[in-house]
Structures are given as C-alpha cells and as structure tokens.
Amino acid sequence: MRFVISREALIKPLQLVAGVVERRQTLPVLSNILLVAEGDQLSMTGTDLEVELVGRVMLEEPADAGSVTVPARKLMDICKSLPDDSRIELELSGQKMVIKSGRSRFSLSTLPAAEFPNVEDSPQTFGLTLSQGQLRYLIEQTGFSMAQQDVRYYLNGMLLEVTENSLRTVATDGHRLATSVASVETDQTGDHQIIVPRKGILELARLLQHGDEPLQLVIGANHIRAHVGDFTFTSKLVDGKFPDYQRVIPRNGDKDVLGDRQELRKVFSRIAILSNEKYRGVRLSLTSGLLQVMANNPEQEEAEETIAIDYQGEALEIGFNVNYLLDVLSILNTDVVRFTLSDSNSSALIQGFDEDSSVYVIMPMRM
C-alpha cells in the first residue's frame, strides 16, 4: 500500500474523522483510523462503536491499493506539524506505516484492517431530505439544552421528531427545554421519533455547512446515517423513550414581557458576575414598564440593575439560572425577545418576538 497526497487535501478530512476517535479505549484498534487506498481515492474511517465517520479524498495519482489502521492522533499531529504546502508520501512497510515529507520521516505502528469494527447497519425505515443549513440551524437552536452524563441516559442526546412535512429537534436536561422545527421532504407517513446521542449530534454538526446543499438522512431501526459531501456519518440511536415535551411547554402564561435581546443579554452578563458560582441564580422583579435584575453570593456581594421593558401586568418576582437565560438570548436571532410568565413557581416560555419556529422553556429557581 502506497499513496501520495498534499497536506492541504488530507488535513481537514483527517481532523474530522480523527475527532470521532476517543482518547481512552478498551480496544487498541479503536484508537486507530482505517485507511483504504484504491485507484485514485483514499477513504478514512474513525469510530467509537457508537458513531462512525467515513471521509473520502481524491488522490492526484493512482495509489498502490491496500488497507491498514494507524494511530489517529499521531497521524493527525504529524500532518499538522508539517509545512503548509507539503506533499506527504505514506507507504506500508511490513508492520509499519512510513510517512515521508521533504526531509522528515516517521514510522507509525499499525494494526490489521481486518480488526477494525464497523457500526452495524439496521434495516432502513425511511429517509428525508433537507438542506445542510436547515439541519445545522435546528441543531444550533436546540443542542445547548442536551444533558451531559445524566443518569436518565435518554436525555444525553437530541430527539428528532419527523412528521409528514417537518423535522423537529428537541433537547432537555430536565431544567430547561429547547425545540425548533423546519420543513423537510420525507417518504415517511405518520409521526416518528428517534433519539440521537449527544456525541453523534456534535459530530454531525461539525460536518454541516450553512448553505443550501442538499442533505440526505437515512433512518434505520437503530441507526441514523447522513451523506454530507465526501463524508458518510453513521450513529447508533439511543434506545429509550424521550419525555413528552409537549407537556413541558407552558400554555397558560398570562404575563408577556418584551425586551431588547442584546440589552437584556448585557444586563444578565453584568449581574451574573456576582451571582452564586455554583447555582448561578438571578432574581427578576417585574413592575409596569421595568425589570429589575438582582444577584448575590455567599461573600455577601450584591449586584442589581434596572432596565426598561414592555410589560403592563401585575408585579412579579421570579428566579432563574442566569446561564440558561444567556444561552437562549445568545442563540435567538431576533432583536426583540418575548418572555411569557404566569407566576413565580411556573416555567418561563421564551421566543423571538416575530419568530415562532424555536421555543425555549426554563424552569424557575427558588431564591
């Protein structure tokens, strides 16, 4: 096996594929990526048994065909360290992968390609088509609310709900919820829900561009696959039942607060400086036309600021984790944001003023 490639052509796909590989592995081969050279194409595969990513690169000249696995991080670090316009020659010599570029020479250990596992396929259930930009937007609008290492394993991921003409993403960590919806083309009839694990969502998001390039998603009984340009992404699905998110969205809020998104974001950021570092609570006090934001901490330090808002209801005090508020205000695209509240013990519903495809729910804190 031997092939020659420019550093420029190799580095980006290699970084994406190596990103899937976990640093700590029980199986040595899982620290490696699979290289397959055939004709004028090189394919690279990385996996952690949950998520698999295959990247393909065109070679300038036909390769001596072959396949082998090499350490992902070491190969990536070697290629990154070489000068920008380098040409890199990789050749399998016995049990070693020899890498040459200019006056540099490296020799990496290898493991046989036959030992490399692949994510098992399941029968295809249905497919859907949307643009890369649409899916990236849906993930960006909701991904920050996914749980991390929660014992309720089904929260450590994102719900994808497919109906006849729409795809909805939902994420929650039990304290807040984010959901967003877009129109798609699908051959699916009826409603269908799947949970994609957190790592799968993050790796998929790294592949997606903001543009209108079409994207095909194939959903199987226990996997999801996406063909994105020269990459094929596959992830196992989480086997569990996602909570009924519709029940979490408050419907009876009678107090509407409208405010300038950027101004609110700056005020919350300033007041957060003196909030409790562990609980991050801020207290909001609403009166007609005004919002007072307050925080204190165990060192007896205090911060408060008053901001003009559009509110005509009765006085209300309510507490929130300021990080959750800032996450929503950072991701919304509208100039004006709407908070819908009912009382100090009920969740807040947050949306952009003239944009209803994304909805956010934040539970209150006792202050």
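Listing for the model above:
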{"read-out": "Highest-fluctuation residue, E185, E302, E314 considered, GNM on the chain with Cα pairs under 10 Å", "value": "E314"}
{"read-out": "Between the stretch 159-204 and the stretch 1-40, the alpha-carbon center distance in angstrom", "value": "30 Å"}
{"read-out": "Relative contact order %, the stretch 215-367, counting alpha carbon pairs below 8 Å whose residues are six or more apart", "value": "21 percent"}
{"read-out": "Accessible area of the stretch 190-230 belonging to carbon and sulfur atoms, whole % at 1.4 Å probe", "value": "48 percent"}
{"read-out": "Listed residue pairs exceeding 22 Å between alpha carbons, taken from K12/K74; K12/K100; K199/K266", "value": "K199/K266"}
{"read-out": "Crossing angle, helix 322-331 versus the chain [Cα axis fit, 0-90 degrees, rounded to tens]", "value": "60 degrees"}
{"read-out": "The chain: angle of helix 7-20 to the longest principal axis, Cα-based, in degrees nearest 10", "value": "60 degrees"}
{"read-out": "Accessible surface of the stretch 34-176 [probe 1.4 Å, protein heavy atoms]: carbon and sulfur percent", "value": "45 percent"}
{"read-out": "The chain, relative contact order [Cα under 8 Å, separation at least 6], %", "value": "13 percent"}
{"read-out": "Cα long-axis angle, helix 198-207 against the chain (0 to 90 degrees, to the nearest 10)", "value": "70 degrees"}
{"read-out": "Probe 1.4 Å, protein heavy atoms only - accessible area per residue of the chain in square angstrom", "value": "49 Å²"}
{"read-out": "Net charge of neighbours whose Cβ lies under 15 Å from the Cβ of V29, counting Lys and Arg as +1 and Asp and Glu as -1", "value": "0"}
{"read-out": "Within a Gaussian network of the chain (alpha carbon springs, distance under 10 Å), most fluctuating of V51, V282, V98", "value": "V98"}
{"read-out": "Kirkwood Rh and Cα Rg combined as Rg/Rh, the chain", "value": "1.07"}
{"read-out": "Electrostatic dipole magnitude of the stretch 153-280 [Cβ: Lys, Arg +1; Asp, Glu -1; Cα centre; debye, to 20]", "value": "800 debye"}
{"read-out": "222 nm mean residue ellipticity, helices alone, for the chain (DSSP H n ≥ 4; -39,500 (n - 2.57); rounded to 500)", "value": "-5500 deg cm²/dmol"}
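The values are calculated or read from the model by the stated rules, or taken from the named source; none is laboratory data. As the structure is a computational prediction, the values presented were derived from the model and not from experiment. For neighbour counting, all protein chains shown are included, and Cβ atoms are generated from backbone atoms with ideal geometry for every residue, glycine included. For accessibility, only protein heavy atoms count, side chains too; no ligands or nucleic acids. Shrake-Rupley method; radii C 1.70, N 1.55, O 1.52, S 1.80 Å.
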